[in-house]
1. Grab the beta carbon distance between LYS93 and LEU236, set R0 = 45 Å, and tell me the FRET efficiency rounded to 0.05.
2. Can you run phi through the Karplus equation (6.51, -1.76, 1.60; θ = phi - 60°) for segment 225-241 and list ³J(HN,Hα) in whole Hz, with x for Gly and Pro?
3. Please name whichever of ILE173, ASN136, VAL273 sits farthest to the positive end of the charge dipole of the chain, dipole taken about the Cα centre and charges placed at Cβ: Lys and Arg +1, Asp and Glu -1.
4. Could you tell me the relative contact order of the chain? Use alpha-carbon pairs under 8 Å, at least six residues apart, and round to a whole percent.
5. Give, rounded to the nearest 20 debye, the magnitude of the charge dipole that the chain has about its Cα centre when Lys and Arg contribute +1 at Cβ and Asp and Glu contribute -1 at Cβ.
6. What does the C-alpha gyration tensor say about the overall shape of segment 63-121? Classify as rounded when a/c is under 1.5, otherwise prolate if a/b is larger than b/c, or oblate.
7. Hey, if we sort MET1, MET212 by accessible area with the 1.4 Å probe, largest down, what's the order?
8. Rounding to the nearest 20 debye, state how big the charge dipole of segment 114-155 is about its Cα centre with +1 on each Lys and Arg Cβ and -1 on each Asp and Glu Cβ.
Amino acid sequence: MKKLRKEFPILRNGIYANTAVYGLLYESLLEWRQEHDLDFLIHGSDMRENSLKVISDTRQTVGEFFNCKRENIALVNNFSTGLNVLLEGIHPKKKIVLIEGDYPSLNWSFENRNFDIRYVQMVANIEEQIQEIVENEHIDVLALSLVQWLDGFFIDLAFLKRLKSENPDLMIIADGTQFCGSTEFDFEDSGIDVLGASAYKWLLAGYGNGFMLFSDRVKDEVYVKNIGFNAANGDLNKKDHIRFAKLFEPGHLSSLTFGSLKFSLNYLTKIGVDKITAHNRKLSEKAKHEFQGLGLLDDKFYGRGNHSTIFNIEANEATFQHLQNNDVYCAKRGQGVRLSFHLYNTEEEIDTIVKILKTSR
């Protein structure tokens, strides 16, 4: 992985521990984007057919990367937009379970509608809480982020698969924005019905692109009113024959932004998603061990196994400034400082951060 670091110029300026805010732009993607716009500059509307192919190829690439049927993939500008379209098609009297303090765009989208909502708290045994409320209160929809934005709490994916198997009528909607691209993931084998993500973080694809993945059952249970000429592929005769996922694409899509998504998915595939998964697991285990040793993590993480590569450490404003003064890119979130690591980070950088934190005490 260290050989890849030369692709990311900002790494020469310090330790980038801020992928949870924004995944880095890299040189080969920049080159592709420049060539794409140069083609538009020179060829104008002659680029149209090529642009349509880019969109089609992106859908195919997303399907291959996450193991989802091509026809069940919607390309969206961001997760929040896709989720709001989806929720307009779910009956307002459905019983919903949310996690208290989950990402605002997820929770607000439900709370702004007339759903019957229950909440579970973010505690060490949250999976047990979810299972109990789903089974005892006949819940229709479970909606949650796979990785929590504030502190990197990682929901047990095996639990979600088992929960779905035991409760086949439960619809599971997941936000994968802080997850997709950090770890291997098989949508068809996950038990999740809807997985949406913005791709500007761990997928390194820049702003303006994302996707929604759907299981086969969703189109029979959700009625989406969204529509537009692009959803019918510009065919006047197909207004009443648009497949479910295309209803999330009423207008034209940018071949620059979605081509960037395709490029980055191919880039990650070339590196090896298994290698990225293994590398990030090492970073996660290293960071968790070090931050726990300093007593900087919340107690709920001590009894859990797998964690993401996002950590919220106990730190005041002075510590935050101390990290920044030592060229550590990070973010204030909640009552602490959030540090997040990805494929371009190293275990040595975590050691450096630990040394910086020790000198701030």
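The values are calculated or read from the model by the stated rules, or taken from the named source; none is laboratory data. Being a predicted model, the structure only gives us computed values, none of them experimental. Cβ atoms come from the backbone with ideal geometry, glycine included; neighbour counts cover every protein chain shown. Only protein heavy atoms, including side chains, enter the accessible area calculation; ligands, DNA and RNA are left aside. Shrake-Rupley method; radii C 1.70, N 1.55, O 1.52, S 1.80 Å.
1. The calculated FRET efficiency here is 0.80.
2. With the stated coefficients, segment 225-241 comes to 8, 3, 7, x, 5, 5, 4, 8, 6, x, 10, 4, 8, 10, 4, 9, 9 Hz.
3. The Cα lying farthest towards the positive end belongs to VAL273.
4. Answer for the chain is 23 percent.
5. 620 debye
6. Prolate is the answer for segment 63-121, as a/c is 1.5 or above and a/b outweighs b/c.
7. MET1, MET212
8. My answer is approximately 180 debye.
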